1. From Leu180, Leu176, which residue is among the aliphatic types (A, V, I, L, M) and touching a Gly at 6+ places or on another chain (Cβ under 7 Å)?
2. If you go through the range 85-102 one residue at a time, how many are within 16 Å of ligand 1 (Cβ to nearest atom), β-branched (Val, Ile, Thr) and without any contact (Cβ under 8 Å) to a residue 60 or more places away in the chain?
3. Return the residues of the range 31-55 that are open to solvent by 40 Å² or more (accessible area, probe 1.4 Å), more than 16 Å from ligand 1 (Cβ to nearest atom) and in a loop (DSSP other than H, G, I, E, B); say none if nothing qualifies.
4. Assigned to a helix (DSSP H, G or I), out of contact with any strand residue (DSSP E or B) (no Cβ under 8 Å at 6 or more places or on another chain) and closer than 20 Å to Ile191 by Cβ: is that true of Phe27 in this structure?
5. Pairs under 7 Å by beta carbon, first residue closer than 13 Å to Val127 by Cα in the range 147-166, partner away from ligand 2 (no atom under 15 Å from the Cβ) and at pLDDT below 95, six or more apart or different chains?
6. Could you tell me how many of the residues in the range 1-17 are in contact with a helix residue (DSSP H, G or I) (Cβ under 7 Å, 6 or more places away or on another chain), away from ligand 1 (no atom under 11 Å from the Cβ) and either in a strand (DSSP E or B) or among the hydroxyl-bearing types (Ser, Thr, Tyr) (or both)?
7. Just to be sure, is Ala121 in contact with a helix residue (DSSP H, G or I) (Cβ under 9 Å, 6 or more places away or on another chain) and surrounded by 14 or more Cβ atoms within 10 Å (Cβ to Cβ)?
8. Taking the conditions exactly as written (under 19 Å from Asn124 (Cα atoms) and part of a loop (DSSP other than H, G, I, E, B)), does Gly72 satisfy them or not?
Amino acid sequence: MKFLTDMHIHTVASGHAYSTIDEIARFAAEKGLKVIAMTDHSSGMPGGPHDFHFHNMRAIPRVLYGVTVVRGIEANIVDFDGKVDINEDYINVLDFAIASLHPPCIRFGDKEEVTRAMIGAMENPYVKILGHPGDNRYPFDHEAVVLASKRTGTLLEVNNASLRPGGFRPGVRENLVELLKYCKIHGVPVIANTDAHTAYAVGEFEESIRLFEEVDFPKELILNLYPERLLDFITLKN
Ligand SMILES: [Zn+2]
Ligand SMILES: [Zn+2]
């Protein structure tokens, strides 16, 4: 399987990531990717960039080294109703948002709370990807979340960084196996992303591919293999 997209990448602007857009795009081109997305953390993350960072993303060329560059943000889900810390001042400049649960930005919740938070965030029209679901500290109803993904057109993420040895989200593998089981049953597409915090990790999908193979996940539901279908989910702005 040759993945052609990586829609969750952090640059130096995130504060705890270490590569520039130029370095990331060069690595992406070398690895044969067709579409990448810059998705730095929102300002609610300690060390995250000011809102102006996102407001000015239209300054970034649409194509670098032959790779399409999508403008995004990884926003925080900040309450259990699924409120996301996206600022109306810049969201219209961006192509899409990822919404994720991060411990500095929301406490750990129970299954009812986290399921409600995830579904609430997916109902936000700017949110096109639910970032790294599958952390035992944020338990959720797998089938309810898959059905919400289908209904809202929000992609669930297979987060490669979480699956890597030393990944810091307990239970992620077991949770993703369960999630993919329901995606298969209900015919819901997913996206794998590296969540790279250095250029060297961009396009490295070894753990995700192994997981897809182990659960015999249908190729037609893996949008990394179909950049055009992926871009149908995420409409690029000018
Ligand atoms: Zn980060
Ligand atoms: Zn994250």
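The values are calculated or read from the model by the stated rules, or taken from the named source; none is laboratory data. Not measured: the values here are computed from a predicted model. When we count neighbours, we look across all protein chains shown, and the Cβ atoms used for this are built from the backbone with ideal geometry, even at glycine. Keep in mind that these areas ignore ligands, DNA and RNA; they rest on the heavy atoms of the full protein, side chains included. Shrake-Rupley method; radii C 1.70, N 1.55, O 1.52, S 1.80 Å.
1. Working: Leu180 fails: touching a Gly at 6+ places or on another chain (Cβ under 7 Å).
Checking each option against the conditions leaves just Leu176.
2. In the first step, residues of the range 85-102 are kept if they are within 16 Å of ligand 1 (Cβ to nearest atom); the result is 85, 97-102.
In the following step, the residues that additionally are β-branched (Val, Ile, Thr) were identified as 98.
Cutting the leftovers down to without any contact (Cβ under 8 Å) to a residue 60 or more places away in the chain gives us none.
Residues in the range 85-102 being within 16 Å of ligand 1 (Cβ to nearest atom), β-branched (Val, Ile, Thr) and without any contact (Cβ under 8 Å) to a residue 60 or more places away in the chain: 0 in total.
3. Listed by number, the residues that qualify are Lys31, Lys34, His50.
4. Working: assigned to a helix (DSSP H, G or I): yes; out of contact with any strand residue (DSSP E or B) (no Cβ under 8 Å at 6 or more places or on another chain): yes; closer than 20 Å to Ile191 by Cβ: yes.
Yes: the conditions hold for Phe27.
5. Listed by first residue and then by second, the contacts come to Gly153/Phe233; Leu155/Phe233.
6. Residues meeting the conditions: 2.
7. Details: in contact with a helix residue (DSSP H, G or I) (Cβ under 9 Å, 6 or more places away or on another chain): no; surrounded by 14 or more Cβ atoms within 10 Å (Cβ to Cβ): yes.
The answer is no for Ala121.
8. Working: under 19 Å from Asn124 (Cα atoms): yes; part of a loop (DSSP other than H, G, I, E, B): no.
No: the conditions fail for Gly72.
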